[in-house]
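Engineer: Starting off with a structure, shown below.
Bear in mind that the values in this text are calculations on the coordinates, not laboratory data. Keep in mind it's a predicted model, so treat the numbers as computed, not measured. Cβ placement follows ideal geometry from the backbone for every residue including glycine, while neighbour counts extend to all protein chains displayed.
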Amino acid sequence: MHFWKAILCRNCACHGDSIAPFCQSMVDGKKSKRGGGRTARHAQRAAPPVVNPAPPGPTGGQYRPLSEAECKAIFDLALKVLAELGMGEVPTHLADLLIAKGAIANGDRVLLPIALVREAIAAAPKELTLHGRDPARSVTVGGQSVHYGTGGAAVQVLDLDTGQYRPATLDDLHDFTRLQDRLDNIAWFTRCCIATDIEDVFEQEMNIAYALVKNTSKPVAMSFTLGEYVGPIVEMLNVACDGQFAERPTMTAHVSPIISPLRYGEDAVDVTFACIEHGVPIACLIAAQAGATGPAPLANFLAHSLAETLAGLVMIQTIKPGHPTIFGNWPFVIDLRTGAFVGGGAETAVMNAASAQLSNWLGLPSGVAASMTDSKVPDAQWGAEKGVTALAAGLAGGNMIYESAGMTAALMGASFEGFVLDNEMIGHLYRVLRGVEVTTETLSFEAIRNAVLGEGHFLGGPDTMAAMERDYYYPSLADREAPRVWEAGGGLDARERAKVRAREILAERHPGYLTPDQEAEIRRAFPAIRNV
């Protein structure tokens, strides 16, 4: 079908079968006036845009669920909680450090005075770089910039072929890492599933780290069960970075040092000390649940969750002031009728948006969670829950929006086709957050006049062609054809198209981000690394 007819027929009665008079006149006019350049114009339209119309890192902050006064009230209550209730189960070596800095021992609890908390906020970096092994893929976090990435520790995988859930394996993690490496809207990769086929925990975590460095050059992240695991894994990462990990740490540690309500977790505290010793940036992720491990009233829960995340920040900045830290306040929600975790509800959306606003209000690099659908497969529930929660978090200015690709079943599962679908959704989100640029180039009386007094439309005009390259995000997966064209192409729904794309990527060769020498050195030094 002729390009102009294809566009015009979408909004007239001809439906692509026969040409309505208006459409025919437009096509004929184009043939008579511009026929000589038709091939060149088709090639120009088919080429990828010169400028990405939906780049990562747009500015958020347009959505403010809290007023300035409400932010202050919530923060003040969080300070009061830490100063008067403090933290329980504080390991001795951490308690000694905190008390030396001004904390107060009070029976079996350690109180964190307001001055100590404010000192930690002041010491924490307000911006940091998450390094990719490819420097072009590094991510700068802070301010109001928004990046969507992954998270999760799914124990199940939605099988790409059977469509059924099964236990996640090390092979799956390698495949997920390879898959997302080709999905450019995903800014960083946190391991999304656990290798349940490896029983030994240290061996499992060593192989997780290996899967990340082997299969992607983006910034990566994982968690550590014990502090003693950090050193050997950093040693392996240093081999992959040609000895430059200390200068450009390419992995962030996800640490959850708080056991809600208001207690430190000894193993996670040990991991924190080890990460700081080895120069690993920390995403301090606190995930209390409203009505269970935190208060049910949402405002009170925000204050409680903020207090716990601040307690994590105080710990890190007391051990080493200035250590790179993501302030990961993740206020989670449960269904109060059943106690089930709720990943995709409206409350999840507004709470994580409010958390991002509070973190940015404090000037701290913010991390929140979104796109945590409770649906088990890509369906209408999936799309609605992911879209609402991910957009709210982005509009609120969350610097790092975790869980934003591939996660299913309230974080219990991960999906290959889900990664492809969510990558496209994220592209739309970046475009929304980019907004509308109003400049002398984009706001032009002359462009309107030339069309009105000239050919009577804007198709093919220089402003249209420039905007086509600059302003419009063109999804590669979404179907925008007429019904008969869609049917003729097989009538695939979005999930099936995503499966096709996922299989195409996984069928390609492995990316090979490790050189033969690096591979040999890692396997010599770490015999627990498995072949896949």
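Engineer: Quick one: 3J(HN,Hα) in Hz for region 79-90, Karplus 6.51/-1.76/1.60 with θ = phi - 60°, rounded, Gly and Pro as x.
Structural biologist: 4, 5, 4, 5, 6, 9, 9, x, 10, x, 6, 7
Engineer: Hey, fewest Cβ within 10 Å first, where do Y473, Y513 land in order?
Structural biologist: Y473, Y513
Engineer: Counting only GluC sites (Glu not before Pro) that sit in a DSSP loop (anything but H, G, I, E, B) with at most 12 other Cβ atoms within 10 Å, what is the longest stretch of the chain containing none of them?
Structural biologist: The longest such stretch corresponds to 1-198.
Engineer: Sort out for me the Cα centre separation of region 324-349 from region 181-200, rounded to whole Å.
Structural biologist: Computed from Cα coordinates, the inter-centre distance equals 21 Å.
Engineer: From the phi angles alone, apply the Karplus equation (6.51, -1.76, 1.60; θ = phi - 60°) to region 452-459 and give each ³J(HN,Hα) in whole Hz, x where the residue is Gly or Pro.
Structural biologist: 5, 8, x, 7, x, 7, 10, 5
Engineer: Let me ask something else about it. Set the Förster distance to 60 Å, then compute FRET efficiency between R263 and H457 from the Cβ-Cβ distance, nearest 0.05.
Structural biologist: 0.35
Engineer: Roughly speaking, what is the stretch gain from A525 to R480, that is 0.36 nm per residue apart minus the C-alpha to C-alpha distance, in nm to one decimal?
Structural biologist: Contour length minus Cα-Cα distance gives 11.0 nm.
Engineer: With axes computed from alpha carbons, what is the tilt in degrees of helix 516-525 against the longest principal axis of the chain, rounded to the nearest 10 within 0 to 90?
Structural biologist: Approximately 30 degrees, to the nearest 10.
Engineer: Kindly flag which residue pairs out of K101/K126; K126/K214; K126/K218; K386/K499; K218/K376 have an alpha-carbon separation exceeding 24 Å in this structure.
Structural biologist: In this structure, K126/K214; K218/K376 exceed 24 Å between Cα atoms.
Engineer: Additional query: If you average the alpha carbon positions of region 89-122 and of region 452-527, how far apart do those two centres end up, in angstrom?
Structural biologist: Distance between centres, Cα-based: 51 Å.
Engineer: Which angle between 0 and 90 degrees, to the nearest 10, do you get for helix 346-361 versus the longest principal axis of the chain when only C-alpha atoms count?
Structural biologist: 70 degrees
Engineer: A further question follows. Looking at region 301-429, what % of its DSSP beta bridges pair antiparallel, to the nearest 5?
Structural biologist: Beta bridges within region 301-429, antiparallel portion: roughly 50 percent.
Engineer: Within the chain, what is the longest stretch that has no trypsin sites (Lys or Arg not before Pro) placed in a DSSP loop and near at most 14 other beta-carbon atoms within 10 Å?
Structural biologist: Here the longest segment lacking exposed loop sites spans 127-336.
Engineer: Quick one: T338, T196, fewest Cβ neighbours within 10 Å first, how do they rank?
Structural biologist: T338, T196
Engineer: If you don't mind, there's one more thing I want to ask. Sort Y474, Y210, Y430 so the one with the fewest other Cβ atoms within 10 Å of its own Cβ comes first.
Structural biologist: With the sparsest Cβ surroundings first, the list reads Y474, Y430, Y210.
Engineer: Using the Karplus curve 6.51 cos²θ - 1.76 cosθ + 1.60 with θ = phi - 60°, what ³J(HN,Hα) values do you get for each residue of region 392-405, in whole Hz, with x for Gly and Pro?
Structural biologist: 4, 5, x, 4, 7, x, x, 5, 10, 9, 7, 6, 7, 8
Engineer: If you line up the long axis of helix 298-319 against the longest principal axis of the chain, both from Cα atoms, how many degrees apart are they, to the nearest 10?
Structural biologist: Its long axis makes an angle of about 60 degrees.
Engineer: Could you check the simple spin-label distance between A384 and V438, using points 7 Å along Cα→Cβ, in nm with one decimal?
Structural biologist: 3.5 nm
Engineer: Please list, in chain and number order, the residues 5+ apart from A369 or on another chain whose amide H is under 5 Å from its amide H, with Hs placed from the backbone.
Structural biologist: Result for A369 returns Y402.
Engineer: Under 5 Å between amide hydrogens, which residues at least 5 positions from I326 or on another chain qualify, with H placed 1.01 Å from N in the peptide plane?
Structural biologist: So I326 has HN proximity to I282, A283, C284.
Engineer: Right, here's the next one. Describe numerically, in nm with one decimal, the distance between label points set 7 Å from Cα along Cα→Cβ at T464 and at A122.
Structural biologist: Spacing of the two 7 Å Cα→Cβ label points: 6.0 nm.
Engineer: Restricting to the chain, what percent of DSSP beta bridges are antiparallel, rounded to 5?
Structural biologist: Antiparallel bridges: around 40 percent, rounded to the nearest 5.
Engineer: What are the residues whose amide H is under 5 Å from the amide H of S223, where those residues sit 5 or more places off or on another chain and H is modelled from the backbone?
Structural biologist: HN-HN under 5 Å from S223: H254.
Engineer: Report the full-extension gain for the segment S67 to E496: residue separation times 0.36 nm, less the Cα-Cα distance, to one decimal in nm.
Structural biologist: So the extension gain works out to 150.1 nm.
Engineer: R0 = 35 Å: FRET efficiency of T162 with F202, Cβ-based, nearest 0.05?
Structural biologist: So the FRET efficiency works out to roughly 0.65.
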